[in-house]
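Values quoted throughout were computed directly from the atomic coordinates according to the rules given, and no laboratory measurement underlies them. Because the structure is a prediction, the values reported are computed rather than measured. In this analysis, Cβ positions are derived from the backbone assuming ideal geometry, glycine residues included, and neighbour counts consider all displayed protein chains.
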Amino acid sequence: MSISAHLDGLRSAVPGCSLVAFGDLNARLVLRASSARSRPQEQLDELCTQAASLLSNTAGETVMQRVFGETGEIPTEAVVLTPDEVRIYVRSTGEQADVLCCLCDSAMDAEGAIAAARRVLNIISDGQ
Amino acid sequence: MTNVLETSGGLSRLGDLVHRFVLVGAEAAHDKAGNCGGDPVSAALRLILREIDETVLPRYLTVYDSDRPLARLVVSNRRLFALECEGNVATEVPSDPPAAARVFVQGLRNLAATATILRIRTSGRALEIGHSGVSCSASHLAAAAGLSENGGDADRLDAFVDQVKPFCHGWTRCGAQDNRTGGDSELADHLIGLSETGYGLTKSSRVAPARPECAVVPLPEDVSLVVAADGRRRLIAVIPTETASEVLSVWAGIYRSDS
């Protein structure tokens, strides 16, 4: 099954989801996207940049070091509300810096969307 | 999106006077939204709150989209007791006043966003004043909606801060000249340092995000980071993860129309 097919499947499975993008946090690039309509590249780039800002090291330190002065793992998920959309970011837990970004219209089932995105990301990152 | 605001106080002479008086206010609200770059939904919401604030005796206020009724408000003594949307049972309101204000504000904001031509009319004396006994004053509702007394939305972030700081282990509201912190002081200092790295901002919006937004990032030890931005001002806070949904709900009540 191709990455695009996985992204299409995730977009269909999450209610109110209009976009799913798969990207690389180190390169800050969206590599594949599934969308109900065409999206400007700038919007995809902005999603990936925000994901990298939230889920990567800042100036060589993890958020845990910055906030609590102690070592800790990099966060692996984030939910961002805006006045008209909900962005869900899930990053891989291993060495890879893969990320899935989902654009939804409601935060009603953010936990379900995160769980579904996590399952799909694991499959993609494992190369299945 | 609301683009015309109108109210009517009824057919009596006094009602006509009130009508004219309120229309001036309505036009001012519309003018402010249209000409000063304000949010038209907030302007419409402000108009509804003004009607509540000017209603002393027990009254039903009906909110219309043009001639189509959208909802009925039960108001007395300048307080909102119930909100009954057309076709639905009355909105269930929690007994906790801050939570009740959030529920009312969400419902009123939905009305303000739904109506193309918003009208409010008094539709009779209210016979029953709510079932739960919970009520909210117009000023309390305005505070919960992040509406300032001077007609702007500039303090929506402060309204958010005021409502969520009881949840926070530590927080900083920065990006303005009057930076504020609260909770654990050492943690707040670290959060200021994190803010200075531009954490959570997209590169293109490092100066100021185009739209308000609120991020919640779960961390180990059952805590989460909250990063909320409104223009150049930001709140960065650490909260117990178990309160994250409530914090997002507060933000949605202030900034979203569909929450």
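Table for the structure above
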quantity: Of A:127, A:5, A:93, farthest towards positive along the dipole that unit charges on Lys, Arg, Asp, Glu beta carbons give chain A; calculated: A:5
quantity: Average other protein chain Cβ within 10 Å of Cβ, residues B:213-224; calculated: 6
quantity: Peptide A:103-109 - average C-beta neighbours from other chains (10 Å radius); calculated: 2
quantity: Cα shape, chain A, gyration tensor, a/c 1.5 rule; calculated: prolate
quantity: Peptides B:182-191, A:33-42 ordered by average Cβ neighbours within 10 Å, highest first; calculated: B:182-191, A:33-42
quantity: Loop GluC sites (Glu not before Pro), segment B:59-132, which have at most 14 other Cβ atoms in a 10 Å radius of their Cβ (DSSP); calculated: B:86, B:92, B:128
quantity: In segment A:78-128, the GluC sites (Glu not before Pro) that fall in loop regions by DSSP, at most 12 other Cβ within 10 Å; calculated: A:95
